[in-house]
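Below is one structure, written out as structure tokens; the observations come after it.
The values are calculated or read from the model by the stated rules, or taken from the named source; none is laboratory data. Remember, predicted model here, so these are calculated numbers, not experimental data. Reconstructed Cβ throughout: ideal geometry from the backbone, glycine too, with neighbour counts over all protein chains shown.
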Amino acid sequence: MRRQSAVVGIGQTKYKRARDDLSLEGLVREAAHRAVEDAGITLADVDAFVIGKAPDALEGVMMPELSLADALGAIGKPIHRVHTAGSVGAATAISGSIMIESGRYDRVLVLCYEKQSEGNATWALSGGRSGGQGAGGTFAPWIRSYIQRSGAPEHIGWKVAVKDRRHALRNPNAHLRIDDISIEKVKESPMLWDPLHFLESCPSSDGAAAIVLGNEEVATKGPNPPAWVVAHAKRSELSSFPGRDTVKPQAGIDCARALFEEAGITRPLEQIDCAELYVPFSWYEPMWLEGHEITPGGDGWKLTDSGATELGGSFPINPSGGVLSSNPIGASGLIRCLEAANQVRGTAGDYQVDGARVALGHAYGGAAQYFAMWIVSSERQPTF
Amino acid sequence: MAMDRPVAVVAVAQTPSYRRYDDGEPVLIMTCVNDLLARTGLARDEIGFTVAGSCDYLSGMPFAFVQNLDGMGAWPPIYESHVEMDAAWALAEAYLRLQLGDVDVALVVGSGKSSPGRPREVFSLQTDPYLMAPLGIDPPSLAGLQARTLVDAGTATERDFAEVVARSRRAALDNPNAQVKQEVSVDDLLAAPYFAAPLRAHDLPPISDGAAALIVAAGDRAAELAQRPAWVHGLDHRIESHHPGLRDLTASPSTALAAEHAGVHDGPIDVAEVMACFSPEELVLRAALGLDDGATEVNPSGGPLAGNPMMATGLVRVIEVAQRIFDGEAGRGVAHASSGPCLQQNLVCVLTGERTMSAERA
């Protein structure tokens, strides 16, 4: 009874510190138009819309689906709004996929955005209180704990920061383009939240991303190859309680296990060709490799250190440049999911992973307590 | 397109609408969730999917919904989602999720505390996406414009508005969860001063804190969990333009469209619970839903004019209809939820005591 959905169109804006050339409406239209054009349809052909973004307070527009409905051509149609903290982009993609899989809709436009230049992101990320610690301040102690637990050398974080910025130089949409990025430059950048240096942290970006999801019929008739949604999973847990493992949260383990089981993946490192992981701070690459049991515990940093996660390596992570290079928060999770789709569609341009057949898109949010992931493939039902 | 799996509301819970509830929103939620678990005998791990609706801006704190996980008891980890909308839209997501076949039981939660802020100022943030500042028109002022439009068109009178209020407050006398309840005459109401002419203060909803939750289940599982489940015959939602000047405020075409797709007209409607937060909206909604005034009881709970726990208000409409189907008081009913000024976005859900295949027409 379950239908299958596929990504049939992808649209992204150029990510920048401030897209002051565009209104909120203009920003979302730029992504939406590119997505429907890629799908070979128009906005009039879309049956239903799903919008995802982080807190409304980032821009100061409450329930923005109400005002964006006109800009998206959604008048007279269903429009749905998801908010699951940092994981929201991936959660919104999954909500859209469910709308197709339910059989209720044939074509769904999923759109996520953030226009962070309109507000103060660190204020919002501190729960709207002044003097808050922000996201980096929340994660730094857990990163320190990971380093102690795993015995990872301190250069691992620098290495991820350099790798993702080098990848970003291949991505025309990327916000940060640091031509002379180097280990020295990263480690000499100011210490923000020990052990995180400035260049080990994500930027604050404006941008929007959109995908068109279609059912089997739409997917097979589109002008461009589809990325089939093979599996998706979400898990959430409480933010804090005594004994909570904040370095390797149970929800992250459960989510990955559910995802891999649904996809038929038993050896993720071999069976997945590349991954777009939500890595807003450098150390989260090895932390999620272990936290999602892609590598055995204690081996995540070794994979990073080996160079395997670089473009050209055996398990490329964030070939698009990742969250470390572009971070319109509410869209960042959708960008992971659509960049995974780009890889299996063969539409990733200069950051294409050769022969990518199966890719992982991932996001997390809150106090590392919300997880949303999907597996996409060039094949409708890939076997391993 | 018809849905594959029949889905039903099998248990409902709500807190009273409080003018001010001093404990946290998660406590309101926990009260409802524990109530549902007790009623159904379900263990937490039997709930396959949870989806909540709430609003950061009402709480005055970005990521306010995160702490609501505490009220849902998200440990061990749960499969969960959240809409920044009235929880009636969370029900819409749960309804679609249950169609996939691998999840049979879902929990839907709505919660909101309007008391900490001034809703008039907070909701003006919906209407100014240009300067991104609280400079937009506030909901009571827009509702006043809508009321004036109805009066000018000859569609309704101020007495009609007062009659809606008097009936709602009287109906609420039987509702233990209602906040505003009294026996009051239409003439006494009409003697009150204007608030946003032609609206008087009683034409506005109260400021409320509260939560509501329900369990939906698919197929045979629903029949196991309730003696008389309230089956979802159809559920649809549609939006209109953001610009009030581009809309005919005397009508609600998005409600009419959603009603058609949800199958409102497939049979008689015994009861309707509509999210008319301002009294004139009830008149607009009766017409848009095509209700027969003689056959359909409208807002027997007292409706949002008697209690308005924002973000749960729409879900409460579903709950009030489902309860009447559980009790055998109604055979078939319609619940309506709304978002945005002057009924900009509308959701319609048809519930029935008869197990039938769902009937959406895409």
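Looking only at the stretch A:190-204, count how many residues are hydrophobic (A, V, I, L, M, F, W, C) and in a loop (DSSP other than H, G, I, E, B).
1
Looking at B:192, B:217 in this structure, which one is over 24 Å from the mean Cα position of the chain (by Cα) and either free of Cβ contacts under 8 Å to residues at least 60 places away in the same chain or more than 14 Å from chain A (Cβ to nearest Cβ) (or both)?
B:192
A quick yes/no check of all residues on (1) surrounded by 24 or more Cβ atoms within 10 Å (Cβ to Cβ); (2) more than 16 Å from the chain's Cα centre (by Cα); (3) more than 26 Å from residue A:108 (Cα to Cα):
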| residue | (1), (2), (3) |
| --- | --- |
| A:205 | yes, no, no |
| A:222 | no, yes, no |
| A:236 | yes, yes, no |
| A:239 | no, yes, yes |
| A:244 | no, yes, yes |
| A:279 | yes, no, yes |
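Considering the stretch B:126-150 alone, what residues qualify as being within 14 Å of chain A (Cβ to nearest Cβ) and in contact with a Cys (Cβ under 7 Å, 6 or more places away or on another chain)?
B:142
Could you figure out which of (1) in contact (Cβ under 8 Å) with a residue 24 or more places away in the chain; (2) away from every other protein chain (no Cβ under 14 Å); (3) surrounded by fewer than 24 Cβ atoms within 10 Å (Cβ to Cβ) isn't true of residue B:293?
(1)
When the residues of the stretch A:55-85 are narrowed to those that are modelled with pLDDT of 95 or more and more than 7 Å from chain B (Cβ to nearest Cβ), which ends up surrounded by the most Cβ atoms within 10 Å (Cβ to Cβ)?
Once the filter is applied, the top-ranked residue is A:65.
Could you tell me whether residue B:92 is aliphatic (A, V, I, L, M), crowded, with 17+ Cβ neighbours inside 10 Å and in contact with a His (Cβ under 7 Å, 6 or more places away or on another chain)?
Taking the combined requirement at face value, the residue satisfies it.
Considering A:35, A:6, A:31, which residue is among the small types (Gly, Ala, Ser) and either in contact with an Asp or Glu (Cβ under 9 Å, 6 or more places away or on another chain) or within 14 Å of chain B (Cβ to nearest Cβ) (or both)?
The unique qualifying residue is A:6.
Applying the selection to the stretch B:68-77, what residues are in contact with a helix residue (DSSP H, G or I) (Cβ under 7 Å, 6 or more places away or on another chain) and facing another protein chain (nearest Cβ under 7 Å)?
Answer for the stretch B:68-77, where residues must be in contact with a helix residue (DSSP H, G or I) (Cβ under 7 Å, 6 or more places away or on another chain) and facing another protein chain (nearest Cβ under 7 Å): B:70, B:76, B:77.
For every residue, the table says whether it meets (1) aliphatic (A, V, I, L, M); (2) within 19 Å of the chain's Cα centre (by Cα).
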{"residue": "B:45", "(1), (2)": "no, no"}
{"residue": "B:54", "(1), (2)": "no, yes"}
{"residue": "B:64", "(1), (2)": "yes, no"}
{"residue": "B:91", "(1), (2)": "yes, yes"}
{"residue": "B:98", "(1), (2)": "yes, no"}
{"residue": "B:103", "(1), (2)": "yes, no"}
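For the stretch B:45-67, which positions are at pLDDT 95 or above, assigned to a loop (DSSP other than H, G, I, E, B) and either within 7 Å of another protein chain (Cβ to nearest Cβ) or under 30 Å from residue B:132 (Cβ atoms) (or both)?
Answer for the stretch B:45-67, where residues must be at pLDDT 95 or above, assigned to a loop (DSSP other than H, G, I, E, B) and either within 7 Å of another protein chain (Cβ to nearest Cβ) or under 30 Å from residue B:132 (Cβ atoms) (or both): B:54, B:55.
Give, as residue ranges, the helices (runs of 4 or more DSSP H) completely inside the stretch A:205-316 that count at least 1 residues that are within 14 Å of chain B (Cβ to nearest Cβ).
A:216-221, A:250-263, A:284-291
Residue check, residue B:310 against (1) surrounded by 24 or more Cβ atoms within 10 Å (Cβ to Cβ); (2) over 11 Å from the mean Cα position of the chain (by Cα); (3) farther than 20 Å from residue B:253 by Cα, all met but one. Which one?
That leaves (2) as the condition not met.
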